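Step one of this worksheet: look at the structure below.
What follows draws every value from the coordinates through simple rules; no lab data is involved. Just so you know, these numbers come straight off a predicted model, no measurement behind them. Positions of Cβ are generated from backbone atoms using ideal geometry, with glycine treated the same way; all protein chains shown enter the neighbour counts.
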Amino acid sequence: MLGRMPSVVVVEDEEDIAFPLVRTLEREGYEVTWLESGKAALAHLSTKSADIMILDLGLPDMDGLDVCRAARDAGFDGGILIVTARAGELDRVVGLDYGADDYLSKPFGLAELQARVRALLRRSQAAGSAHVLEADEPGGLRIDTDARRVTLNDAEVALTVKEFDVLALLAASRDKVVSREHLMSEVWDENWFGSTKTLDVTIGRLRSKLEDAGATDRVVAIRGVGFRLESGT
């Protein structure tokens, strides 16, 4: 994202919530697009890129969870921050299962939302020195942490921000156990106050995507400890 302003799409139909949010983000230096419906958001993302989507679940034309899932299915790999009045644990886990990266309950403070957006942007940008994590076995994954791309036999495996971060951490310690605590602190950082079930949801989606792509690498759960990325045989 060097050389341009980070872009944020705000999908919110209530003007009294959207207006101060858009104004605050613009003052922070973001390029902001405000849309009032799920269909408008999906149409926008089909033709233009965005780094972050801030998505309300209670939209007038369709459920925000369906917008989230449709965006992911269409290949949107930016950060998705859900904001909603639904504060239950079930809704939180379901939202993450649909492809969201973070979850913020209404009412929320603008300072907290800004912190969540900054955290998602940090994790969507290439950070640190460029390096590639590549398996030696045929069918193994090639993980470019600078470009934030995962490929298998030259075909890209589309991952969300959180899925990529979890996989990169596991790959950096290939065949070694990475604790749940370490994964949560590194991937969700100090701004996350939700359940650790979100890690299991992310791992589940990651496993499915790797299997669908035909990868021989496997994410193995070590009960009570954490997870390990194992090379295939």
How about LYS48: which lysines have a C-alpha closer than 24 Å to its C-alpha, ignoring those fewer than 8 places off in the same chain? LYS39, LYS162
Please compute, over every Cα-Cα pair in region 7-124, the percentage with a separation greater than 25 angstrom. 11 percent
Taking amide H atoms as placed 1.01 Å from N in the peptide plane, list the residues 5 or more away in sequence, or in a different chain, whose amide H sits under 5 Å from that of VAL32. VAL8
Once amide H atoms are built 1.01 Å from N in the peptide plane, which residues 5 or more positions from MET53, or in another chain, come under 5 Å H to H? VAL9, GLY79, ILE80, LEU81
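When you count, for each residue, the other Cβ atoms within 10 Å and take the mean per peptide, how do 106-115, 157-166, 55-64, 24-33 rank with the highest first?
On the way: 106-115: 12.7, 157-166: 22.2, 55-64: 18.0, 24-33: 15.6.
For the peptides 106-115, 157-166, 55-64, 24-33, the packing ranking is 157-166, 55-64, 24-33, 106-115.
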Using θ = phi - 60° and the Karplus form 6.51 cos²θ - 1.76 cosθ + 1.60, what ³J(HN,Hα) does each residue of region 204-211 get, whole Hz, x for Gly and Pro? x, 5, 4, 4, 4, 5, 5, 5
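Counting only other residues whose beta carbon sits under 12 Å from that of ARG69, what net charge do I get with K and R as +1, D and E as -1? Provide the component values of the computation, followed by the final result.
On the way: positive: ARG72, ARG205; negative: ASP63, ASP66, ASP73, ASP97.
Neighbourhood net charge equals -2.
Once the piece of chain linking SER173 and THR216 is laid out straight, how much longer is it, given 0.36 nm per residue of separation minus the C-alpha distance between them?
Numbers: separation 43, 0.36 × 43 = 15.48 nm, distance 1.67 nm.
Difference between extended and current length: 13.8 nm.
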